[in-house]
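The values are calculated or read from the model by the stated rules, or taken from the named source; none is laboratory data. Note that the structure is predicted; figures quoted are calculated from it, not measured. Cβ: placed from backbone, ideal geometry, glycine included. Neighbour counts: every protein chain shown.
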Amino acid sequence: MSDERVKQVSNLRRAMIRPELGAIAGAVLVFAFFLIIAGDSGMFAPKGIQNWTVVSAQFAIIAVGACLLMIAGEFDLSVGSMIGFAGIVIAILSVQWGWPVWLAIIVAFVVCIGLGALNGFLVIKTGLPSFIVTLAFLYILRGMTIWLSILTTQKTIIGGVKQVAEGDWLAPVFGGTILKGLFQWFADQGLIDTFTRGSREGQPVVEGVPMLVVWAIGLIIFGQWLLTKTRFGNWIFASGGDAQAARYVGVPVNRVKMLMFMFTAFCACVFATAQVMEFGSAAADRGLLKEFEAIICVVIGGALLTGGYGSVIGAALGALIFGVVQQGLFFSGAESSLFRVFLGTILILAVILNTYIRRMITGER
Amino acid sequence: MRKTFTAMLVATALAASFAAPAMAEGERFVLISHAPDSDSWWNTIKNAIKVAGDQMDVTVEYRNPPTGDLADMARIVEQAIASNPDGIILTIADFDVLSGPVADAVDQGIPVITINSGTQAQSEAMGALLHVGQSEYDAGFGAGKRAAAAGVTSFLCVNHYITNPASVERCKGFAEAIGADVGTSMIDSGQDPAEIKNKVIAYLAANPDTGAVLTLGPTSAHPTLAALDEESLSGEIFFGTFDLSGEIADAIKADVIAFAIDQQPYLQGYMPVIILTNLARYGVLPSGHMNSGPGFITKDSISFVEKYAGVYR
């Protein structure tokens, strides 16, 4: 308190220099916007909320991995291809080869994390930018995925995963729904609607909370805790801020980056597994452009492309903005092709806002 | 001994007579599609050219722009022409982009057969020998007529490949058959299954009176099935789709999907190889175009078709 070497920082200023500030403002704006133009369209009814929550959760899962990796100073452009690859691996092992689904899932995770480690190894050993190394894997993995699926099944969509996953213990961890009883109770109390026709008449319109959402929340909490509450989190910031300086003070920069590549691959595999389990099929074209969508979420969330600065909560809010904008345009009945225009505009605005705020507060030029 | 000798002589003569056409064997054809690498539908055509290639003893190369970019496709056509094949088979994904390169091929004396998307008139204008395919507009219109007969007046077209003009034609044909406006009925769904599913749910929530759903292939049909199931609308809403897959076949049997429009892609891969080979070897050519579709697969015909869904059908 009385240490004259530490400059006094007001609470307001401390709140303002948080990286997620721009994303919080953006989220408030986006919600206000859609409340006004689509408030009565069912977007904010239980069913509508589930709708954009699932899409946002999907973005959040890969955004958490991309965020930590970007703060550590590296990119992973192979995320989208990794999603397609992991899905096909699970489908081939479980449907074509008849392995138990839990084993197929575990093998897919091992393979993906191994590929993440290979990405990290190549980046560290060659000193090449991760942009180039992972760009190579974007193509290698996509090509492998298509080739493998055609080689084993002569198809690029492999279905039937749902049937073989019946009764499996691990599959519901990714594709299941929890709190069904609670939602049935909500419906009984008249808090949420029930279906009035069709095969599910009488059941609540929202069955429960999909595991996809649980995974997203879990990963966000884990990422935020790791980044802000642990020594390893400081290492991540240090590795991305100035790797050489970090090495001088004893931070194991290579190990940090390697682990972050593996964590990004893990997130991609969670995404893929949840998708395969929910839809019961894997396709070689899954995950196209997902790497950039993850980066968009992270950047909207206030992270710096150069590393060393960013926030997991910000990335999660970025994912929420992404999901709400994409689904909201449908609820509001706007021309559907426009959502990409919207997204690009929001990205630019968010980055300008983030940069402006940061310059103003920190006084950097 | 003498008998054996005669037999051997006959055998040799027979072998020689079989070998005679073999002199002309080994022609090389190139099939160029507009489909991105991963579009599952094209497997049937890849399998068809493999079968036709083995049967006729010719090589058929499959080329495509990896991302589905039609300008890249024009470059691939130019490369294919430069390699001087015995024939080119290609899709007319965009007449304006492709007519230049195809005219070059025709001028160089390379026979060209157009398949799949595009119209017979466009095929003729390019100078191609003939077109094997189905008219996208007519196929959509035919599907719309079936829906109209069931009393449908509004619909949702789930378009997962909106940048291809042919996909819009399908929606347009359907819209005009039931008297709906295609502009408000068609959504750009993207290719991610969770996004497609949730966009369909969002559209149906915003437009609860929607009478029918049309999907343009397995990529959009599978997530739409999941969306209808989640909305408890399976079997309640009139559902038609283009193309067939295992999941679509199951849905037809369960009365969730009313029909699948089959343009019999196998024929689009198989027939051009056979025609071009016979043209190269014996100079014979059928006159007129070939309609490979549309065929409507319904609950009555499904059991026969589904055995080969995704591989030959």
Residues located in the stretch A:150-160, provided they are within 14 Å of A:Val95 (Cα to Cα) and more than 9 Å from every other protein chain (Cβ to nearest Cβ): A:Thr152, A:Ile158
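Considering the stretch B:127-167 alone, what residues qualify as being of a type in the set (A, V, I, L, M), modelled with pLDDT of 90 or more and out of contact with any strand residue (DSSP E or B) (no Cβ under 7 Å at 6 or more places or on another chain)?
Within the stretch B:127-167, B:Ala148, B:Ala149 qualify.
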Lone qualifier among B:Thr67, B:Thr12 - being farther than 26 Å from A:Leu289 by Cβ and modelled with pLDDT under 75: B:Thr12
Qualifying residue in the stretch B:89-105 (condition: under 24 Å from A:Ala283 (Cβ atoms) and assigned to a loop (DSSP other than H, G, I, E, B)): yes
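Report yes if A:Thr194 is closer than 30 Å to B:Tyr62 by Cβ and modelled with pLDDT under 85, otherwise no.
Values: closer than 30 Å to B:Tyr62 by Cβ: no; modelled with pLDDT under 85: yes.
So A:Thr194 does not fit the description; no.
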Failed item, numbered, when A:Val206 is tested on (1) touching a strand residue (DSSP E or B) at 6+ places or on another chain (Cβ under 9 Å); (2) among the β-branched types (Val, Ile, Thr); (3) in a loop (DSSP other than H, G, I, E, B): (1)
Single unsatisfied condition, B:Ala121 versus (1) touching a residue at least 24 places away in the same chain (Cβ under 8 Å); (2) of a type outside the set (D, E, K, R); (3) not in a loop (DSSP other than H, G, I, E, B): (1)
Filter result (facing chain A (nearest Cβ under 9 Å) and at pLDDT 90 or above) within the stretch B:204-214: none
Which listed residue, of A:Gly143, A:Gly127, is over 18 Å from A:Ala282 (Cα atoms) and out of contact with any helix residue (DSSP H, G or I) (no Cβ under 8 Å at 6 or more places or on another chain): A:Gly127
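Consider A:Leu151 carefully, then state whether it is surrounded by 15 or more Cβ atoms within 10 Å (Cβ to Cβ), out of contact with any Asp or Glu (no Cβ under 7 Å at 6 or more places or on another chain) and on the phi < 0 side of the Ramachandran plot.
Considered against the rule, which asks whether it is surrounded by 15 or more Cβ atoms within 10 Å (Cβ to Cβ), out of contact with any Asp or Glu (no Cβ under 7 Å at 6 or more places or on another chain) and on the phi < 0 side of the Ramachandran plot, A:Leu151 comes out as no.
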Residue in the stretch A:136-144 that is among the aliphatic types (A, V, I, L, M), touching a residue at least 24 places away in the same chain (Cβ under 8 Å), crowded, with 19+ Cβ neighbours inside 10 Å and farther than 22 Å from A:Leu289 by Cβ present: no
Total residues in the stretch B:184-232, condition more than 28 Å from B:Arg313 (Cα to Cα) and not β-branched (Val, Ile, Thr): 15
Boolean, A:Trp169 is more than 21 Å from the chain's Cα centre (by Cα), within 28 Å of B:Ser220 (Cα to Cα), surrounded by fewer than 17 Cβ atoms within 10 Å (Cβ to Cβ) and of a type in the set (Phe, Trp, Tyr): no
Residue among A:Val253, A:Val214, A:Val205 that is in contact with a Lys or Arg (Cβ under 7 Å, 6 or more places away or on another chain), crowded, with 17+ Cβ neighbours inside 10 Å and within 30 Å of A:Asp188 (Cα to Cα): A:Val205
Residues (under 22 Å from B:Gln122 (Cβ atoms) and surrounded by fewer than 20 Cβ atoms within 10 Å (Cβ to Cβ)) located in the stretch B:154-163: B:Ile162, B:Thr163
Test: residue in the stretch B:215-226 that is more than 21 Å from A:Ile157 (Cβ to Cβ), buried (at least 20 other Cβ atoms within 10 Å of the Cβ) and more than 8 Å from chain A (Cβ to nearest Cβ): no
Qualifying residue in the stretch B:146-153 (condition: surrounded by fewer than 20 Cβ atoms within 10 Å (Cβ to Cβ), part of a loop (DSSP other than H, G, I, E, B) and within 14 Å of another protein chain (Cβ to nearest Cβ)): no
Wholly within the stretch B:237-313, strands (runs of 3 or more DSSP E) carrying at least 3 residues that are touching a residue at least 60 places away in the same chain (Cβ under 8 Å) and more than 30 Å from B:Val106 (Cβ to Cβ): B:238-242
Matching helices (runs of 4 or more DSSP H) fully within the stretch A:9-125 where at least 1 residues are buried (at least 24 other Cβ atoms within 10 Å of the Cβ) and of a type outside the set (Gly, Ala, Ser): A:46-71, A:79-91
Residue in the stretch A:42-49 that is under 19 Å from B:Asn207 (Cβ atoms), within 21 Å of the chain's Cα centre (by Cα) and within 10 Å of another protein chain (Cβ to nearest Cβ) present: yes
Top-ranked residue of the stretch B:272-294 - restricted to ones that are surrounded by 17 or more Cβ atoms within 10 Å (Cβ to Cβ) and not aliphatic (A, V, I, L, M), ranked as farthest from B:Gln134 (Cα to Cα): B:Thr277
Residue that is closer than 20 Å to A:Phe271 by Cβ and surrounded by fewer than 24 Cβ atoms within 10 Å (Cβ to Cβ), where the choices are A:Val312, A:Val324, A:Val299: A:Val324
Residue tally, condition among the β-branched types (Val, Ile, Thr) and more than 30 Å from B:Ile162 (Cβ to Cβ), over the stretch B:44-59: 3
Residues being free of Cβ contacts under 8 Å to residues at least 60 places away in the same chain, closer than 16 Å to B:Ala258 by Cβ and among the hydrophobic types (A, V, I, L, M, F, W, C) - total across the stretch B:188-220: 2
Members of the stretch A:317-341 that are farther than 19 Å from A:Ala60 by Cβ, part of a helix (DSSP H, G or I) and without any contact (Cβ under 8 Å) to a residue 60 or more places away in the chain: A:Leu329, A:Phe330, A:Leu338, A:Arg340, A:Val341
Options A:Val164, A:Val206: the member that is within 18 Å of A:Pro46 (Cβ to Cβ), touching a residue at least 24 places away in the same chain (Cβ under 8 Å) and either within 12 Å of chain B (Cβ to nearest Cβ) or touching a helix residue (DSSP H, G or I) at 6+ places or on another chain (Cβ under 9 Å) (or both): A:Val206
Helices (runs of 4 or more DSSP H) contained in the stretch A:232-316 and holding at least 1 residues of a type in the set (A, V, I, L, M, F, W, C), over 17 Å from the mean Cα position of the chain (by Cα) and within 13 Å of another protein chain (Cβ to nearest Cβ): A:253-279
